[in-house]
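The values are calculated or read from the model by the stated rules, or taken from the named source; none is laboratory data. Treat the numbers as computed from the prediction; the structure is a model and nothing was measured. Please note: Cβ atoms are built from the backbone with ideal geometry, for glycine as well, and neighbour counts cover all protein chains shown. Keep in mind that these areas ignore ligands, DNA and RNA; they rest on the heavy atoms of the full protein, side chains included. Shrake-Rupley method; radii C 1.70, N 1.55, O 1.52, S 1.80 Å.
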Amino acid sequence: MKSAILLGATGLTGGHLLKIVLNDPKYDKVKVFSRSSVGVKHEKLEEHLVDLLKLDDYKDSFHADEVYCCIGTTKSKTPDKETYKKIDFGIPVAAAKLCRKNNIDTFLVISALGADANSSIFYNKVKGEMQHQVLEQGIKNTYIFQPSLIAGNREEERFFEKLGIEGMKVFNNLLIGSFKKYRSIHPETIAKAMHICANSGYPKILIESDEIQKLASE
């Protein structure tokens, strides 16, 4: 039996992952750190309602066998760049540092396809810098997932993102060979791949979207 910490359980991918982990008999405890309740009752679930931007304040409770980090926002939801970076860079990096401090040797985090610390595109640069800092922590089993556009129904309306998702449905079948990684991907697929990596391992640290798809289908 083992325990897991999940960050971002109220989000699209995190919600699917929470269901998977709670239903897995290998886990006897699942700790969720979030600003609001996930609205789920389960004997394995332990909720910590916290300020995720001050994650280090809760280091005494941050103990488990593995940590899943599904934290992420968007330009439309968080237009202020400083706030965006505090979320997409600050929270995953803080979580990785706590893993190092508390001797948690498995850390899984969602980044994005195109993440590059040297990119001139702010959002790709932030994801790339996050990846770099996470790897700097030297956590034994680190897996960084780089999905393409995530296709799924969200509570809040994101018009242009929704338009992009519908467009990707048309073009997905045209993306073959080395371009397959640009196909849109479902949140359930990402969640399943993360769970598989945590429990069975994977030979790579950086896992691009087409590899996520393949991993989840095996």
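What the table below lists for this structure:
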quantity: Where a residue in the stretch 195-218 is over 10 Å from Gln146 (Cα atoms) and part of a loop (DSSP other than H, G, I, E, B) and its partner, wherever it lies, is open to solvent by 70 Å² or more (accessible area, probe 1.4 Å) and at pLDDT 95 or above, with Cβ under 9 Å and at least six apart; calculated: Ile205/Leu135
quantity: Test: Tyr68 is more than 30 Å from Phe122 (Cβ to Cβ) and aromatic (Phe, Trp, Tyr); calculated: no
quantity: Cross-chain or 6+ apart pairs with Cβ under 7 Å, the stretch 175-190 first and farther than 25 Å from Leu18 by Cβ, then of a type in the set (Phe, Trp, Tyr) and at pLDDT below 95; calculated: Leu175/Tyr182
quantity: Strands (runs of 3 or more DSSP E) completely within the stretch 1-107 that count 2 or more residues being touching a Ser or Thr at 6+ places or on another chain (Cβ under 7 Å), surrounded by fewer than 21 Cβ atoms within 10 Å (Cβ to Cβ) and at pLDDT 95 or above; calculated: 27-34, 45-49
quantity: Lone unmet requirement of (1) in contact (Cβ under 8 Å) with a residue 12 or more places away in the chain; (2) touching a helix residue (DSSP H, G or I) at 6+ places or on another chain (Cβ under 7 Å); (3) among the β-branched types (Val, Ile, Thr) for Thr78; calculated: (1)
quantity: Enumeration of residues in the stretch 36-63 that are within 25 Å of Ala193 (Cα to Cα) and under 17 Å from the mean Cα position of the chain (by Cα); calculated: Val38, Leu52
quantity: For Glu66: the one exception among (1) over 17 Å from Tyr143 (Cβ atoms); (2) touching a strand residue (DSSP E or B) at 6+ places or on another chain (Cβ under 8 Å); (3) among the charged types (D, E, K, R); calculated: (1)
quantity: Residue match in the stretch 132-144 (condition: touching a helix residue (DSSP H, G or I) at 6+ places or on another chain (Cβ under 6 Å), within 22 Å of Arg183 (Cα to Cα), at pLDDT 95 or above and surrounded by 14 or more Cβ atoms within 10 Å (Cβ to Cβ)); calculated: yes
